[in-house]
């Protein structure tokens, strides 16, 4: 039977030691045998200011459940940085040039990733054709290699099967993808 580990911690180890010493002393006065497993669990729980082990366990499980339900707030999107990166793309959303800064390249690769079909097997030629249509600087092999090496795509050893790896873009990249999509939609209209 697998058990879920329960975190145990106290703010003051000295107070824990005193409380545990008191618990063990009281037990020794009333019993000749050392405390059993359940008795030790109850002593540890009381030393950490819980009523007993069941109270400690219920509190730990409730806190874990609450933590699982709370979704962290994503960091705010840096709109100034986003505008700078959007400048790497033309009005139709095609990548004009390869960025010099590595962190700008990452966001551009997220855009390229978003334009590849999800859960679809593609040959190298098909990936190259799709990427060639999405950029203007003529190096689809660079983009293909960066997408594979960076973990946005996987390919077989022989290069016959490419697949986009499904993951969630970070908030900045998600916003950039949305911005470029809207911008190219307005240009087409």
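Peptides 65-77, 99-111, ordered by how many other C-beta atoms sit within 10 Å of their residues on average, highest first, read 99-111, 65-77. For the stretch 24-80, the extents of the C-alpha atoms along the principal axes are 72, 18, 15 Å, listed from largest to smallest. Sort out for me the Cα centre separation of the stretch 130-189 from the stretch 1-46, rounded to whole Å. Using only Cα atoms to place each centre, the spacing works out to 57 Å. Every Cα-Cα pair in the stretch 96-162 was counted, and those over 20 Å apart are 20% of them. Can you tell me the orientation of helix 140-149 relative to the chain, as the angle in degrees between its alpha-carbon axis and the longest Cα principal axis, to the nearest 10? Its long axis makes an angle of about 10 degrees. Using the alpha carbons alone, the radius of gyration of the stretch 1-158 stands to its Kirkwood radius in an Rg to Rh ratio of 1.36. Relative protection proxy for 86-96, 16-26, from highest mean packing down: 86-96, 16-26 (other beta-carbon atoms within 10 angstrom). Put simply, the Cα atoms of the stretch 56-134 extend 59, 36, 21 Å along their principal axes, the longest span coming first. The relative contact order of the chain comes to 20 percent, based on Cα pairs under 8 Å that sit 6 or more residues apart. Hey, what angle do you get for helix 37-47 against the long axis of the chain, alpha-carbon based, 0 to 90 degrees rounded to 10? Helix 37-47 and the main axis of the chain meet at about 80 degrees.
Read-outs: derived from the displayed coordinates by stated rules, not from any lab. Model, not experiment: these values are computed from the prediction. Note that each Cβ is placed from the backbone with ideal geometry, even for glycine, and that neighbours are counted across all protein chains shown.
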